[in-house]
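Here it is, the structure, as structure tokens.
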Amino acid sequence: MTRINLRRVILGGLVAGLVANVFDFVITSYILDADLQHMATRLNLTPADAWRSALVIFIGSDFVWGLLIVFTYAAIRPRFGPGPMTAIISGAIPWAAIALLTLQLSAAGITWPTFPSWTKAAVLYLMSAVASGLVGAALYKEV
């Protein structure tokens, strides 16, 4: 078994994070905008202020997200083999953890106000995780 190529994890992870940031911008600015506005209002937040103050965290966490996805790809690649299916799995694993957490928070009334809005967000972010995994894994090489 070979060692993980950390340089390639970082390269692929940063590119995967860029892909995730693009997806997040489109998802939050256009597709889920009304849902997010409703959630912010329900939590007594001014939506524009809430997003502006958290913007650096959102951008930075997407890059960490990309690094986690590509690291996961590198870690499972010896078992599953290189390629797109392994890349999809590497995006789906961390996505599933986050999706389950947000489902629990939604059930407690903290995040998404309805199950359909959680489902819509979960599907959109799965697409983001898969795309990020495919792009980041394409840049990963063992040597």
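Name the residue that is farthest from Asn5 (Cα to Cα), counting only residues in the range 32-85 that are at pLDDT 95 or above and polar (S, T, N, Q).
Ser61
Could you please find all residues in the range 123-139 being more than 14 Å from Val22 (Cβ to Cβ) and either modelled with pLDDT under 95 or surrounded by fewer than 19 Cβ atoms within 10 Å (Cβ to Cβ) (or both)?
The answer is Val123, Leu126, Ala138, Leu139.
In the range 18-69, which residues are among the small types (Gly, Ala, Ser) and either in contact with a Cys (Cβ under 9 Å, 6 or more places away or on another chain) or free of Cβ contacts under 8 Å to residues at least 24 places away in the same chain (or both)?
Selection gives Ser29, Ala34, Ala40, Ala48, Ala50, Ser53, Ala54, Gly60, Ser61.
Find the residue count for the range 89-122, including only residues that are closer than 25 Å to Val22 by Cβ, free of Cβ contacts under 8 Å to residues at least 60 places away in the same chain and outside any helix (DSSP H, G or I).
So the answer is 0.
Applying the selection to the range 95-122, what residues are farther than 17 Å from Arg42 by Cα and buried (at least 18 other Cβ atoms within 10 Å of the Cβ)?
Of everything in the range 95-122, those that are farther than 17 Å from Arg42 by Cα and buried (at least 18 other Cβ atoms within 10 Å of the Cβ) turn out to be Trp95, Ala99, Ala121, Ala122.
Kindly provide the set of residues from the range 69-81 that are surrounded by fewer than 19 Cβ atoms within 10 Å (Cβ to Cβ) and either assigned to a helix (DSSP H, G or I) or touching a Phe, Trp or Tyr at 6+ places or on another chain (Cβ under 8 Å) (or both), ordered by number.
Listed by number, the residues that qualify are Ala75, Ile76, Pro78, Arg79, Phe80.
The values are calculated or read from the model by the stated rules, or taken from the named source; none is laboratory data. All figures in this text were calculated on a predicted structure; none of them were measured in a lab. Virtual Cβ from ideal backbone geometry, glycine too; neighbours counted across all protein chains shown.
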